[in-house]
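One structure below.
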Amino acid sequence: MKIAALVSALLLSGAAFSQDRIDEIWTHATNRFVDQMDQSFEDGDFPFVISMLRVSYADEPNNYETATNLGWMLENVQEWQQAEDFYKQFIKDNPGNPEAAYPLGFFYYMRKRYSEAEGVLEPTLTKAVHPNTFRILAKCYEREQRYKDAIRVWELQIKKWPDDLPAKANIDRVKKKMG
């Protein structure tokens with residue numbers, strides 16, 4: 001990464017820099033990087049944005065926002081296999097992040113690959129995950145007409161978030177489908 005090379009060169013030059021000055025340099029470099037990505041996105045130069053996001057991810061592989069932006073951009077240009085492979089890599093790179101599986105699960109859901117989404121999301125329910133994980137998983141089960149599993153997931157969501165009225169309404173709706 002050019003930014004890292006520049007900062008490294010400055011540090012190796014023997015010049016004395018305070019930590020505050022180094023932090024300031026990094027902040028300005030990062031802001032410039034983000035500004036360039038935004039401009040390139042607005043210009044429709046998606047391959048360049050993808051390249052920049054890859055550099056950002058390589059520098060900070062635990063950054064959820066960068067990871068989801070990169071995956072979304074790959075999907076945006078219909079690079080489905082690259083997006084899927086990247087989401088899998090994100091999970092491998094972040095084994096301690098309970099949310100790491102969600103982008104891949106959501107990708108499968110959107111591609112109507114429900115059983116694959118279930119396989120990715122179901123194991124995360126015992127971790128501290130966002131309610132969307134429960135929602136997407138329950139909807140996968142429902143679309144496969146596995147209504148008991150859908151209700152089970154909605155009920156697990158209600159145990160964690162008792163005031164979630166949409167989850168309660170979804171249980172009623174799925175029960176009506178069951179007859």
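Charges on Cβ only, +1 for Lys and Arg, -1 for Asp and Glu, centred on the Cα centroid of the chain; of ILE91, ASN76, ALA117, which one is farthest towards the dipole's positive end? Most positive-ward Cα: ALA117.
Stretching the chain fully between LEU156 and SER115 yields a gain of 12.8 nm (0.36 nm per residue, less the alpha carbon separation). The charge dipole of the range 63-152, taken about its Cα centre with unit charges on the Cβ of Lys, Arg, Asp and Glu (plus for the first two, minus for the last two), comes to roughly 380 debye. Each Lys and Arg adds +1 at its Cβ and each Asp and Glu adds -1 at its Cβ; summed about the Cα centre, the chain shows a dipole of about 1220 debye. May I ask for the net charge around GLN78, where only other residues with Cβ less than 13 Å from the Cβ of GLN78 are counted and Lys, Arg are +1 while Asp, Glu are -1? Its environment carries a net charge of -2.
In this calculation the C-beta distance from MET178 to TRP80 is compared with R0 = 45 Å, giving a FRET efficiency of 0.85. Cα gyration tensor of the range 78-178, axes a ≥ b ≥ c as square roots of the eigenvalues: rounded (a/c below 1.5), prolate (a/b > b/c) or oblate? Because a/c hits 1.5 or more and a/b fails to exceed b/c, the range 78-178 counts as oblate. The fraction of accessible area contributed by carbon and sulfur in the chain is 53 percent, rounded to a whole number (1.4 Å probe; ligands and nucleic acids excluded).
Judged by the gyration tensor of its Cα atoms, with axes a ≥ b ≥ c, the range 132-172 is prolate; a/c meets the 1.5 cut and a/b is the larger of a/b and b/c. In the set [x] 12.0; [y] 10.2; [z] 13.1, the label that goes with mean projected area of the Cα convex hull in nm² computed for this structure is [z].
Helix 131-143 and the longest principal axis of the Cα set of the chain meet at an angle near 50°.
The values are calculated or read from the model by the stated rules, or taken from the named source; none is laboratory data. The structure presented is a predicted model; accordingly, all values stated were derived computationally and were not measured. With ideal geometry, Cβ positions are generated from the backbone for all residues, glycine too; neighbour counts draw on all protein chains shown. Accessible surface areas use protein heavy atoms only, side chains included; no ligands, DNA or RNA. Shrake-Rupley method; radii C 1.70, N 1.55, O 1.52, S 1.80 Å.
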